[in-house]
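Novice: Take a look at the following structure, please.
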Amino acid sequence: MKRTLLLVIMVLVLAAVPGWGAALGTAAGSVIPSQVQQIITVDYRQLAQSATALALKAKVLPDNLKDLETALRGVGVDPDKDVDSLTFASFRSEDKGVRIIGIAQGQFTRARIIKGMRAKKIKPSKYHTSFLYPMGSTMQVTFLDEGTMLFGEEAAVKASLDARDGNAESMVSNSRMSDLVRSADTGAVWSVLDAAGTQNMMRSTLGEAAALADYETVKKRLLGSTYTMDFTHGVKFDLSVLTSDSMTAATMSSLLRAGMLFKKMSASGVEKVALDNVTVDNDNEHLLLHFKADDDKFQSLLQSPMFTAIAR
C-alpha cells in the first residue's frame, strides 16, 4: 500500500487516539503501567488558540474521543471550558490484550462533580482506596487528586490503580519509555511510541522503499519514537526515531529519502507540496523527519481528496 510522507504525519496524529499535548503531570504518570505502548496528550488550551489545530481536530476527531467528550459533559465537565489537557495511554494487559486509559486534568473540582453524580443517583464502587463511578455505558472514572480524573473501561482503570498503588509495575520501571517521555513532553503536541509500534509505523511509512533492504532485519533495531507538533507559526511536525546505532539511523534515513523519490514520480500536486515540505536526516542513533507548512497551505491539504481518504 503506497504511503506519502503527509500520510505518515496524519497516521501519527491519528494513531490509537489523537493528541495535542502538554507536559505529563505526576498524578498522570503514576497510573501508567510499565507495559505502555503509546502515550498521547491533548492540550485543549493550546488547541483553542489555533484555527489550524481546530480545523485538524474537526476533520479527524474519532468516535471514541467524541464519546469521551459526551461522557465528560454527562458528569458535569465541559471539555471546552474545564479541561486543560487529556492524556491517553495504551498498554498491554496480563492477558496480552491492549487496554486504553484516559486522564483529564483541568479546572474542575472533585467535590462539584461528585455532587452532580449524587444528584443523578450515581453510586460508586470501591477499589483499594479509590472510588469508581460509572461514566457512560462502559467507562468508569475515579479521581487521582482534586483536578485529575482517570477514566476507561473498568479493567483498564483497575490495572492503572494497581500500578499507582504498587501492586503492579508502573512506567517508572520502563526506563526507555520514561526517557522518551522526558524528551518529548515539553512540546505543544507530543506522543511517544514503543519499539513494536515504531516498527509497524515505519514499515507502513516506507512503502515500496522497504523492498530495498531487509526491513525485517533492520526493524529490530528500531527502539522507540517520539513526535511533536507545534501550531504557533503555521504547522511544524518533528518525528524522532531512536535506533540501536548510528548505522541503522543512516540506513533508515536513506530508505525514507528513497521512499520520497518513489512517490514524487507519481505524486499529484497536493502530494508534491507535502513532500517538498519534508526533510529527512539522521543524528547519531536518531532518524529525524521534519515537516513545516504555513496555515493556509496546511488547511488546503486538509481539504484535499488525499487527506479526506486518510482521515476516513
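Novice: Quick check, is residue 168 part of a loop (DSSP other than H, G, I, E, B), under 24 Å from residue 37 (Cβ atoms), aliphatic (A, V, I, L, M) and assigned by TED's automatic domain parsing to the domain that holds residue 104?
Specialist: yes
Novice: Given the criteria touching a residue at least 60 places away in the same chain (Cβ under 8 Å) and either under 29 Å from the mean Cα position of the chain (by Cα) or buried (at least 16 other Cβ atoms within 10 Å of the Cβ) (or both), does residue 131 qualify?
Specialist: When the stated conditions are applied, residue 131 does not pass them.
Novice: Looking at (1) assigned to a strand (DSSP E or B); (2) closer than 30 Å to residue 240 by Cα, find the lone condition where residue 203 falls short.
Specialist: Failing condition for residue 203: (1).
Novice: For region 78-119: of the residues being among the aliphatic types (A, V, I, L, M) and part of a helix (DSSP H, G or I), which is farthest from residue 169 (Cα to Cα)?
Specialist: Within region 78-119, the match that is farthest from residue 169 (Cα to Cα) is 119.
Novice: Among the residues of region 146-166, which ones are in contact (Cβ under 8 Å) with a residue 40 or more places away in the chain and over 17 Å from residue 94 (Cβ atoms)?
Specialist: Scanning region 146-166 gives 147, 148, 149, 150, 151.
The values are calculated or read from the model by the stated rules, or taken from the named source; none is laboratory data. Computed from a predicted model, the values in this text were never measured in an experiment. Every residue, glycine among them, receives a Cβ derived from its backbone with ideal geometry; neighbour counts consider all protein chains shown.
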